[in-house]
Amino acid sequence: MTLENSLALFKHMYRIRTVEEEIARRYPQGKMRCPVHLSIGQESIPAIFAKTIHSRDFAVSTHRGHAHYLAKGGDLNAMIAEIYGKATGCAKGKGGSMHLIDLSVNFMGTSAIVGNSIPVGVGLALSAQIKGTDQISCIFLGDGAIEEGVFYESVNFAAVRKLPVLFICENNLYSVYSPLSVRQPQGRSIAKMVEAMGIQVGVGHGSDILTSQQLMRQAVNKVRAGSGPCFLEFSTYRWREHCGHSFDNDIGYRTQEEFLEWQAKDPLLLLESNLSQTAPNLSQQVDAIKELINLEIQAAFEFAETSPFPLQSEAYQGVYATQELSE
Ligand SMILES: Cc1ncc(C[n+]2csc(CCOP(=O)(O)OP(=O)(O)O)c2C)c(N)n1
Ligand SMILES: [Mg+2]
């Protein structure tokens, strides 16, 4: 991994982590009134995605979508303002954390309904195919979304039509409080099951950044070259509670040992210590990166807090109704 690449990944991961830590820190103030699903611990895959994807490509995501929105280039101020329910938010303050969208970078939306954005992403790929563009459509989904019927319909349709879709499954082992062991037969590999449906698959680990980056690059290149859809499954782990700013290891659905095991594999810490070992003289540069990001984030919260709430008279107006979708 080149130094330049490591630094770029570090920037993305640190920015995503710090944004979410700040949301968690301020959440108890009661000014963010929507539920938040934080992905602290899961940042490596979005960071790799940010380095791999073009802004003209499409992406859709889930209820846990802050990192994907930011990785695609979504506007930070507009995201924080959205979470605060302000008129300057990316969905004009009408959607909250689970309805992020930034059409200027083809981040086409997120949904609170598990599995809901999957067919939307497939439809976007169909539009690219019909128009003959070289765009690909990336669909972020969790392991829980594999259990929705629409997932199978969508994979099947994408396979039959050879659509330029990249499915990116972040397998954090849980759907709310249910581990995979109570939801799927023992020994089932999600990737193998999907492969049996006739599409290419790959398996990676969120803490093995270099291998995961190669995997995603190869998959994006193949999909863009017209070889049909591809499904990637990455192991990862959310640190905070399923929904909210706190921790929930005390309620008994997962063990403290498991949590600590994953924290020891923290991709951000691993990358930072790797950087300081390979280039000890870089510490000042890393500190400067952190400082700039911290300032950017504080400014985004200031923007959100000082923005106006939406007008009651505009409550029923569409968010993007008059805007053209960009190619
Ligand atoms: C159709 C539907 N069923 C159930 C829910 C409740 N729900 C919200 S998030 C979630 C878990 C989804 O798990 P996963 O896809 O693995 O994503 P993660 O939360 O782990 O990121 C569930 C079941 C929902 N929002 N929509
Ligand atoms: Mg999950």
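The values are calculated or read from the model by the stated rules, or taken from the named source; none is laboratory data. Computed from a prediction, not measured in an experiment: that's the story for all the values here. Counting neighbours? That spans all protein chains shown, and the Cβs are built from the backbone with ideal geometry, glycine included. Side chains are part of the model used for accessible areas, which takes the heavy atoms of the whole protein and leaves out ligands, DNA and RNA. Shrake-Rupley method; radii C 1.70, N 1.55, O 1.52, S 1.80 Å.
The table for this structure:
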| read-out | value |
| --- | --- |
| Of all accessible heavy-atom area on segment 190-275, the percent that carbon and sulfur account for (1.4 Å) | 54 percent |
| Gain upon complete extension [E291, D250; 0.36 nm per residue less C-alpha separation] | 11.4 nm |
| Protein-only accessible surface order, largest first, of M197, M108, M1 at 1.4 Å | M1, M197, M108 |
| Projected-area average for segment 1-84 over all orientations - Cα convex hull basis, square nanometres | 5.7 nm² |
| Viscosity 0.692 mPa s, temperature 37 °C, Stokes-Einstein D of the chain from Kirkwood C-alpha radius, µm²/s | 162 µm²/s |
| For segment 207-215, 3J(HN,Hα) per residue [Karplus equation, 6.51 cos²θ - 1.76 cosθ + 1.60, θ = phi - 60°, Hz, x = Gly/Pro] | 8, 9, 5, 4, 5, 5, 5, 4, 4 |
| Gaussian network model of the chain, springs between alpha carbon atoms under 10 Å - residue of S44, S137, S313 with greatest fluctuation | S313 |
| Choice from I209, I289, I136 showing the highest fluctuation, given a GNM over the chain with Cα pairs closer than 10 Å | I289 |
| Cut-off under 5 Å, modelled amide H: who pairs with C138 long-range | F58, A59, V60, L166 |
| Relative contact order %, segment 82-182, counting alpha carbon pairs below 8 Å whose residues are six or more apart | 20 percent |
| Phi to ³J(HN,Hα) by Karplus 6.51 cos²θ - 1.76 cosθ + 1.60 over segment 26-39, Hz, x for Gly, Pro | 8, 4, x, 5, x, 8, 8, 9, 9, x, 10, 10, 8, 10 |
| Accessible surface, segment 126-228, averaged per residue in Å² (probe 1.4 Å) | 46 Å² |
| Segment 20-140, accessible surface, carbon-and-sulfur percent (1.4 angstrom probe) | 53 percent |
| The chain, helix-only ellipticity at 222 nm - DSSP H runs n ≥ 4, -39,500 (n - 2.57), divided by all residues, nearest 500 | -13500 deg cm²/dmol |
| Cleavage-rule hits, trypsin sites (Lys or Arg not before Pro), segment 166-198, DSSP coil, Cβ neighbours within 10 Å at most 14 | R183, R188 |
| Relative contact order (%) - segment 183-327, alpha-carbon pairs under 8 angstrom, separation at least six | 17 percent |
| Stokes-Einstein translational diffusion, segment 163-280 - Kirkwood Rh over all Cα pairs, 0.692 mPa s, 37 °C, in µm²/s | 201 µm²/s |
| Sequence-distant lysines (8 or more away, or on other chains) whose Cα lies within less than 24 Å of K11 | K51, K72, K265, K290 |
| Added length on full extension, which subtracts the Cα-Cα distance from 0.36 nm per residue, K265 to L311 | 12.0 nm |
| DSSP beta bridges in the chain [antiparallel fraction, %, rounded to 5] | 10 percent |
| Segment 128-174-segment 279-297 distance, computed between alpha-carbon centres (Å) | 36 Å |
| Top of L163, L210, L76 by mean-square fluctuation, Gaussian network on the chain, Cα under 10 Å | L210 |
| Relative contact order [Cα under 8 Å, 6+ residues apart], the chain, whole percent | 23 percent |
| Derived scalar couplings ³J(HN,Hα) [segment 9-25; Karplus, 6.51 cos²θ - 1.76 cosθ + 1.60; whole Hz; x for Gly, Pro] | 5, 4, 4, 4, 5, 5, 5, 4, 4, 6, 4, 6, 4, 6, 4, 4, 5 |
